[in-house]
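Single-structure report; data block below.
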Amino acid sequence: MSKTIIVALVFFSTSFQIASAEQHGGTDKDEKACIRDVSRFCRKLMNQGDFTILACLKQNRARLRPSCLKVLADHGQ
């Protein structure tokens with residue numbers, strides 16, 4: 001696993017926390033649920049920040065694995 005992907009997922013989970021004060025930040029389980037989708041659909045955007053990755057996942061929502069879709073839904077995305 002690329003160190004860049006891991007760092008991006010940390011930012012990714014942090015963006016969920018920032019998105020709403022009522023929500024909890026992403027857990028290790030959340031990160032594991034989306035890491036393959038981030039790597040597959042958003043790899044080229046990894047250096048552009050956490051909100052860019054979140055936007056990419058939302059843009060590719062129809063192609064995400066069910067576990068990652070659940071993470072997005074659980075965090076109001």
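Just so it is clear, none of the values below were taken in a lab; they were calculated from the coordinates. Because the structure is predicted, anything quoted here is derived from the model rather than measured. Quick reminder, even Gly has a Cβ in these numbers, built from the backbone with ideal geometry, and neighbours come from all protein chains shown.
Of note:
- ³J(HN,Hα) computed for each position of the range 37-46 - Karplus, 6.51 cos²θ - 1.76 cosθ + 1.60, integer Hz, glycine/proline x: 5, 4, 5, 6, 9, 10, 3, 5, 9, 4
- Neighbour net charge for Lys29 - beta-carbon separation under 15 angstrom, K R +1, D E -1: -1
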